[in-house]
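The values are calculated or read from the model by the stated rules, or taken from the named source; none is laboratory data. Owing to the predicted nature of the structure, the values given are computational and were not obtained by experimental measurement. Using ideal geometry, Cβ is built from the backbone for each residue, glycine included, and neighbour counts are taken over all protein chains shown. Surface accessibility is based on the protein's heavy atoms, side chains included, excluding ligands, DNA and RNA. Shrake-Rupley method; radii C 1.70, N 1.55, O 1.52, S 1.80 Å.
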Amino acid sequence: MESGFKYRDVISITDFNRKDLELLFDRANTLEQYSKSRLRLLENKVMALAFFEPSTRTRMSFETAMKRLGGSTIGFTSEEAISIAKGETLGDTIRMLDAYSDIIVIRHRLEGAAKYAAEVASVPVINGGDGKQHHPTQAMIDLYTIWRIKGGIDGLTYGVLGDLKYARTSASFTLALGLFRPKKIYLISHPLLKMRENVKRYLRSRGIEFEEVERADDVIEELDVLYVTRIQKERFPDPSEYEKVKGTYIVNMRLISKAKSDMIILHPLPRTEEIDRKIDTTPHAAYFKQARWGVPIRMALLTLIFDVEV
Ligand code: NCD
């Protein structure tokens with residue numbers, strides 16, 4: 001079947017439409033049962049993992065997905081490990097990976113790095129996070145988690161809580177919701193951590209109802225899904241700005257006691273202090289499932305990009 005993914009780059013979640021994502025979710029659902037198997041669908045393919053920034057889940061779940069599909073991986077996990085440390089440019093590094101591999105996953109601290117890599121490379125490039133800007137495959141996992149647990153994404157009320165200014169995950173998640181028909185989105189943050197204007201403009205252009213609020217307490221009762229992010233300390237240009245916002249929000253049992261019994265909490269992880277660990281054993285916690293489903297979603301994405309039948 002022809003899809004919007006075939007040999008495409010994955011730079012922003014808005015490169016795709018609702019139909020693409022529904023196809024991806026259906027395929028991930030099929031592949032869930034194989035997330036501990038070894039299939040032979042991508043036997044001759046090599047994935048290059050170009051991680052210029054730290055990563056646990058994104059890098060390892062891409063690697064796992066590729067290997068479960070029978071493919072192999074090469075790559076690096078820091079700038080120190082490669083010739084960038086000797087003064088090589090990003091463009092030259094990408095040209096080499098383009099020569100050695102069939103697909104490149106890149107994570108970089110600079111906004112636009114993945115787009116630039118896609119311009120240089122002839123093989124498909126997947127953005128595994130570019131600075132504060134985008135993290136499209138995380139958004140795919142986020143929506144899949146909601147689709148799996150809630151049976152759909154439309155008509156629900158969402159809260160996006162935390163560092164909406166620097167967390168690329170909250171930006172990509174919010175943009176992704178704009179491809180569907182949410183009932184309402186509450187953007188919940190400290191005034192210094194408000195969602196970037198381009199994301200809000202996108203919601204407006206899609207006719208999505210949203211409201212910016214400062215306290216989760218004021219809206220928790222209405223929410224079906226609460227999406228939480230950590231404060232992205234490493235992205236603050238000014239450390240004194242971080243001091244002003246640190247510890248300003250926490251999801252704890254007191255907050256959750258006012259929530260709907262079937263409200264779910266998502267978090268891209270890693271978590272720091274923003275979700276009390278007591279929440280982990282409640283039915284609200286969906287973040288470990290979400291992390292686990294990173295593998296079938298990435299398997300599904302790779303099979304669609306390489307256009308192989310499952
Ligand atoms: C996130 C990231 O790198 O943007 N992690 C992830 O990919 N799951 C979130 C974060 O670092 O806070």
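DSSP assigns beta bridges within the chain; of those with both partners inside it, close to 5 percent run antiparallel.
Val46 sits with roughly 40 Å² accessible to a 1.4 Å probe, with DNA, RNA and ligands left out of the calculation.
Couplings 3J(HN,Hα) for the range 68-75, derived from phi with the Karplus relation 6.51 cos²θ - 1.76 cosθ + 1.60 (θ = phi - 60°), are 4, 8, x, x, 10, 10, 10, x Hz, where x marks Gly and Pro. Taken per residue, the accessible surface of the range 136-291 reaches 41 Å², heavy atoms only and a 1.4 Å probe.
Note on Ser72: accessible area approximately 50 square angstrom, rounded to 10, probe 1.4 Å, nucleic acids and ligands left out.
Note on the chain: semi-axes of the ellipsoid equivalent to its C-alpha gyration tensor, largest first and rounded to whole Å, are 31, 23, 17. Which of Glu197, Glu119, Glu43 moves most in a GNM of the chain, Cα contacts under 10 Å? Of Glu197, Glu119, Glu43, the most mobile in the Gaussian network model is Glu197. As a fraction of the 1.4 Å probe accessible area of the chain, surface on carbon and sulfur atoms comes out at 48 percent.
Within a straight-line Cα-Cα reach of under 17 Å, Lys36 can be paired with the following lysines, leaving aside sequence neighbours fewer than 8 residues apart in one chain: Lys67, Lys289.
Each residue of the range 226-242 was assigned a 3J(HN,Hα) from its phi angle through the Karplus expression (A = 6.51, B = -1.76, C = 1.60, θ = phi - 60°), giving 10, 9, 10, 10, 7, 6, 7, 3, 5, 9, 6, x, 10, x, 5, 5, 4 Hz with x at Gly and Pro.
Across the chain, Cα pairs under 8 Å and at least six residues apart give a relative contact order of 21 percent. Protection proxy ranking for 226-237, 291-302, 98-109, using the average of other Cβ atoms within 10 Å per residue and placing the highest first: 291-302, 98-109, 226-237.
Once both axes come from the Cα atoms, what is the angle between helix 294-305 and the longest principal axis of the chain, in degrees from 0 to 90, rounded to 10? Roughly 50 degrees between the two axes. Binning the alpha carbon pair distances of the range 136-291 at 5 angstrom intervals from zero yields the distribution 2, 9, 21, 24, 22, 14, 6, 1, 0, expressed in whole percent.
For the peptides 209-221, 161-173, the ranking by mean Cβ contacts within 10 Å, running from highest to lowest, is 161-173, 209-221. Remark: the Cα gyration tensor places the range 6-99 in the prolate category, a/c being 1.5 or greater and a/b exceeding b/c. For the chain, the longest principal axis of the Cα atoms and the long axis of helix 168-177 meet at an angle of about 80 degrees.
When only alpha carbons are used to place a centre, the range 1-42 and the range 250-310 end up 19 Å from one another.
For Lys45, the residues 5 or more places off, or on other chains, whose built amide H falls under 5 Å of its own are Ser72.
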